[in-house]
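Enquirer: Below you'll find the structure I mean.
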Amino acid sequence: MMKNKKLKILLAKPRGFCAGVDRAIEIVKKSIEKYGAPVYVRHEIVHNKEVVQSLKKIGAIFVEELSEISDKSRPVIFSAHGVPKSVTKEAENYKMEFIDATCPLVSKVHREAENHYKAGNHILLIGHKNHPEVIGTMGQIPSGNIDLIETVDDAKKYEIKNSKKMAYVTQTTLSVDDTKDIIDELKKRFPEIKQPFKEDICYATTNRQAAVKNIASKCDKFFVIGSRNSSNSKRLVEVAKQSGCPDSELIHSESSIIFKDLADCSTIGISSGASAPEILVDNFIDEINKHFNTSIEEVEIIKESVFFKVPAKLNQINK
């Protein structure tokens, strides 16, 4: 009955996979090609169930800790989110071959944090507690030299623990607007605080949030396709809500869409997180097409051309 109802879809662009995610997935595939199956991966290579399942099918085994790996003669890959130094050391102690798929933009934050520590600065990391990227970044620095700031309130209440100068770094997948408020508060309280030479929030996070912001106010509903444990996907939902579409939600693997709820909509928006494959967007639109007479407009705000190479040793395939 709704098939005759017209529904406009505004498709945010850029959306979906970023260069760091593309590289991490390619590293797993090339590792299996080079070393044969199985290859172990510590933590989900990227936060997306479909991606993880597809890699399991070709021989990747996912573990949370290296101690779970029964055959230590097999290589292990560290996820795109990065790992604490203790994990690298553990792999060396086990004499395991490891391949680091940490996104180069996360590695940049690791180096910044380390350089600040070596320069004698106390570091504040703006990020979300227990996110693997935050665990990895905090694990670059000896304990007691880096503290986590999650909110503006944390920044207001933070008490200096020593006489060291201060510096801050940030998780790469945060909300640009929320982070700006936290940074403003830190600068107000600690005018001398050192900041990153170049913005830590990655290009892909910034671009995807800007693309959502660009169309959210024109939409009756907004859908972001991504995983529940994907930081950048959850931030896109928040950005859509803050930018004029309060009825915004995350579509994950267990979501069920009640299509009759779209009957009152004339325009909906769609985007996807940096670890969500485009096939999920296609499938979602196919489902909507079964119920409505849709027209699709892709709204691109910037062209992305970033590419990260895989480690050179993976291009030398064993024969």
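Enquirer: How about region 139-151: which of its residues are out of contact with any helix residue (DSSP H, G or I) (no Cβ under 8 Å at 6 or more places or on another chain) and either surrounded by 17 or more Cβ atoms within 10 Å (Cβ to Cβ) or among the charged types (D, E, K, R) (or both)?
Expert: 147, 150
Enquirer: Right, here's the next one. Please work out which one of (1) more than 16 Å from residue 102 (Cβ to Cβ); (2) touching a residue at least 60 places away in the same chain (Cβ under 8 Å) is the condition residue 131 fails and give its number.
Expert: If we test residue 131 against (1) more than 16 Å from residue 102 (Cβ to Cβ); (2) touching a residue at least 60 places away in the same chain (Cβ under 8 Å), just (1) comes out false.
Enquirer: Shifting gears a bit: Please work out which one of (1) in a strand (DSSP E or B); (2) in contact (Cβ under 8 Å) with a residue 40 or more places away in the chain; (3) closer than 28 Å to residue 237 by Cβ is the condition residue 182 fails and give its number.
Expert: Exception for residue 182: condition (1).
Enquirer: Then there's this: Keeping to region 87-129, report how many residues are buried (at least 18 other Cβ atoms within 10 Å of the Cβ) and in a loop (DSSP other than H, G, I, E, B).
Expert: 4
Enquirer: Test residue 262 against the stated conditions and say whether it is surrounded by 16 or more Cβ atoms within 10 Å (Cβ to Cβ) and either more than 21 Å from the chain's Cα centre (by Cα) or at positive phi (or both).
Expert: yes
Enquirer: Given the condition surrounded by fewer than 19 Cβ atoms within 10 Å (Cβ to Cβ), over 22 Å from residue 108 (Cβ atoms) and in contact with a His (Cβ under 8 Å, 6 or more places away or on another chain), answer yes or no: does some residue in region 218-233 qualify?
Expert: yes
Enquirer: Mind checking which residues of region 203-229 are among the basic types (Lys, Arg) and either at pLDDT 95 or above or within 17 Å of residue 180 (Cα to Cα) (or both)?
Expert: 208, 213, 218, 221
Quick grid of which residues meet (1) part of a helix (DSSP H, G or I); (2) assigned by TED's automatic domain parsing to the domain that holds residue 221; (3) closer than 20 Å to residue 284 by Cα:
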site: 7; (1), (2), (3): no, yes, yes
site: 12; (1), (2), (3): no, yes, yes
site: 46; (1), (2), (3): no, no, no
site: 53; (1), (2), (3): yes, no, yes
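Enquirer: Something else: Find all pairs meeting these conditions: Cβ atoms under 7 angstrom apart; at least six residues apart or on different chains; first residue within region 251-264 and closer than 12 Å to residue 223 by Cβ; second residue assigned to a loop (DSSP other than H, G, I, E, B) and charged (D, E, K, R).
Expert: 252/228
The values are calculated or read from the model by the stated rules, or taken from the named source; none is laboratory data. Predicted model only: the values in this text are computed from it and were never measured. FYI the Cβ positions are ideal-geometry reconstructions off the backbone, even for glycines, and counts take in every protein chain you see.
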